[in-house]
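**Student:** Okay, here's the structure, questions in a sec.
Laboratory data are not the source of any read-out in this text; all were calculated from the coordinates shown. None of these values were measured; they are calculated from a predicted model. Using ideal geometry, Cβ is built from the backbone for each residue, glycine included, and neighbour counts are taken over all protein chains shown.
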Amino acid sequence: MNHARIVPHGSQEQLAQETSRRVITVLEQAQDERGEATLVLTGGSMGNKVIQAIANDPDSALVDWSRVNVWWSDERFVPGADSERNGVQAADAAQGQLDLEWDRIHPIAASDEMSTAEEAAADYREELATAAEQEGSDSGLPYFDLMLLSLGPDTHVASLFPGREEVTVTSTPVMAVHDSPKPPPTRVTMTLPAINSAERVWLLVAGSAKAEALAAIRDPEATPQSAPGSAVRGTEETLLLVTEDALPGLPQDPEG
Ligand SMILES: O=C(O)[C@H](O)[C@@H](O)[C@H](O)[C@H](O)COP(=O)(O)O
């Protein structure tokens with residue numbers, strides 16, 4: 001992952017707050033340039049802390065939230081109100097503080113809306129393609145200003161797990177995942193080409209429990225199959241936003 005710039009932080013709180021500021025800056029700039037901004041959210045505890053930090057950040061008023069499009073890189077295929085849903089956790093973290101427009105929020109369909117994860121994936125592909133068409137693009141994907149991702153302890157990102165065929169798929173931007181090694185077993189995920197279409201990809205890596213995974217994705221021998229997190233890159237920028245305790249060799253932060 002030599003293409004990625006590592007940005008260390010002293011604690012998870014600092015990581016959340018500084019990432020919040022970075023996100024706000026990107027969204028603001030995108031709105032200045034294009035009139036709107038598009039953010040792809042991630043699940044995971046650090047991703048939720050970032051959303052919470054944005055919701056509590058006085059500078060979030062610099063963004064016109066009614067012109068922010070929100071997508072997810074993956075979702076657990078469970079009922080819509082289930083607290084395991086990344087979308088439900090994101091809404092809880094935002095605490096109603098961000099004045100988003102309902103029709104710009106794009107959750108992946110839940111298991112009480114569609115009968116299979118394949119249907120939910122097809123539905124998301126269509127929604128993405130429609131958004132792309134509205135932007136005058138036939139690529140099947142709208143312009144993503146920023147893709148936030150969280151690194152799993154096994155190096156997974158979104159629902160792309162090591163050793164699984166989903167990491168090699170290039171024929172579709174979104175697919176169903178069955179028998180996921182991490183529960184719940186059924187999921188819907190963006191594939192690597194969709195993730196890597198984003199202008200900026202920022203990978204959140206927090207805590208000493210992620211140190212091995214971080215080393216694995218930075219190993220020059222890493223492949224998408226051995227360490228999916230090693231294969232993500234933005235078209236303009238790839239950042240590893242990390243806490244120092246996830247970086248071997250740097251001092252440990254007792255609060256991290
Ligand atoms: O769908 C999931 O199971 C989660 O979204 C998962 O992909 C998560 O993002 C990472 O495992 C990092 O999670 P933490 O930040 O909680 O360690």
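**Student:** Is it the case that some residue within the range 150-171 is more than 10 Å from the ligand (Cβ to nearest atom), hydrophobic (A, V, I, L, M, F, W, C) and in contact with an Asp or Glu (Cβ under 8 Å, 6 or more places away or on another chain)?
**Tutor:** no
**Student:** LEU62 versus (1) crowded, with 19+ Cβ neighbours inside 10 Å; (2) out of contact with any Lys or Arg (no Cβ under 8 Å at 6 or more places or on another chain): which is the lone unmet condition?
**Tutor:** Answer for LEU62: the failing condition is (1).
**Student:** Also, I was wondering about something else. Within the range 22-47, take every residue that is more than 20 Å from THR243 (Cβ to Cβ), touching a residue at least 40 places away in the same chain (Cβ under 8 Å) and β-branched (Val, Ile, Thr) and give me the one that is surrounded by the fewest Cβ atoms within 10 Å (Cβ to Cβ).
**Tutor:** VAL26
**Student:** Just one of the numbered conditions (1) of a type outside the set (A, V, I, L, M, F, W, C); (2) more than 15 Å from the chain's Cα centre (by Cα); (3) assigned to a strand (DSSP E or B) is not true of ASN69; which one?
**Tutor:** ASN69 satisfies all of (1) of a type outside the set (A, V, I, L, M, F, W, C); (2) more than 15 Å from the chain's Cα centre (by Cα); (3) assigned to a strand (DSSP E or B) except (2).
**Student:** Here's a follow-up. Keeping to the range 181-203, report how many residues are assigned to a strand (DSSP E or B), of a type in the set (Val, Ile, Thr), closer than 13 Å to LEU160 by Cα and under 11 Å from the mean Cα position of the chain (by Cα). Before the answer, list the steps.
**Tutor:** Step one: of the range 181-203, the residues assigned to a strand (DSSP E or B) are 187-190, 200-203.
From what is left, the residues that are of a type in the set (Val, Ile, Thr) are 188-189, 201.
Next, only the ones that are closer than 13 Å to LEU160 by Cα stay: 188-189.
Remaining after also requiring under 11 Å from the mean Cα position of the chain (by Cα): 189.
The number of residues fulfilling the criteria is 1.
**Student:** Just the residues that are under 14 Å from ASN48 (Cβ atoms), more than 17 Å from the chain's Cα centre (by Cα) and in contact (Cβ under 8 Å) with a residue 12 or more places away in the chain, please, taken from the range 73-107.
**Tutor:** GLN95, GLN97, LEU98
**Student:** Right, next: Within the range 6-60, can you find the residues that are within 14 Å of the ligand (Cβ to nearest atom) and of a type in the set (Ser, Thr, Tyr)?
**Tutor:** THR19, THR42, SER45
**Student:** Scan (1) assigned to a loop (DSSP other than H, G, I, E, B); (2) in contact with a His (Cβ under 8 Å, 6 or more places away or on another chain); (3) not basic (Lys, Arg) for the single condition THR155 breaks and write down its number.
**Tutor:** Going through the list (1) assigned to a loop (DSSP other than H, G, I, E, B); (2) in contact with a His (Cβ under 8 Å, 6 or more places away or on another chain); (3) not basic (Lys, Arg), THR155 breaks only (2).
**Student:** Of the numbered conditions (1) over 20 Å from PHE144 (Cα atoms); (2) buried (at least 20 other Cβ atoms within 10 Å of the Cβ); (3) touching a residue at least 60 places away in the same chain (Cβ under 8 Å), ALA110 fails exactly one; give the number of that condition.
**Tutor:** If we test ALA110 against (1) over 20 Å from PHE144 (Cα atoms); (2) buried (at least 20 other Cβ atoms within 10 Å of the Cβ); (3) touching a residue at least 60 places away in the same chain (Cβ under 8 Å), just (3) comes out false.
**Student:** Right, here's the next one. Does ILE108 satisfy the criteria of being touching an Asp or Glu at 6+ places or on another chain (Cβ under 7 Å) and within 16 Å of the ligand (Cβ to nearest atom)? Talk me through it step by step, then tell me what you get.
**Tutor:** Working: touching an Asp or Glu at 6+ places or on another chain (Cβ under 7 Å): yes; within 16 Å of the ligand (Cβ to nearest atom): yes.
Yes; evaluated as a whole, the condition is true for this residue.
**Student:** Separate question: Looking for something within 12 Å of the ligand (Cβ to nearest atom) and part of a strand (DSSP E or B) - is there at least one such residue anywhere in the range 172-180? Break it down into steps so the answer makes sense when it comes.
**Tutor:** Filtering the range 172-180 for residues within 12 Å of the ligand (Cβ to nearest atom) gives 177, 180.
Narrowing the set further to residues that are part of a strand (DSSP E or B) leaves 177.
Yes: the range 172-180 contains one or more residues that are within 12 Å of the ligand (Cβ to nearest atom) and part of a strand (DSSP E or B).
**Student:** All but one of (1) in a loop (DSSP other than H, G, I, E, B); (2) touching a helix residue (DSSP H, G or I) at 6+ places or on another chain (Cβ under 6 Å); (3) not aliphatic (A, V, I, L, M) hold for SER60; state the number of the condition that does not hold.
**Tutor:** (1)
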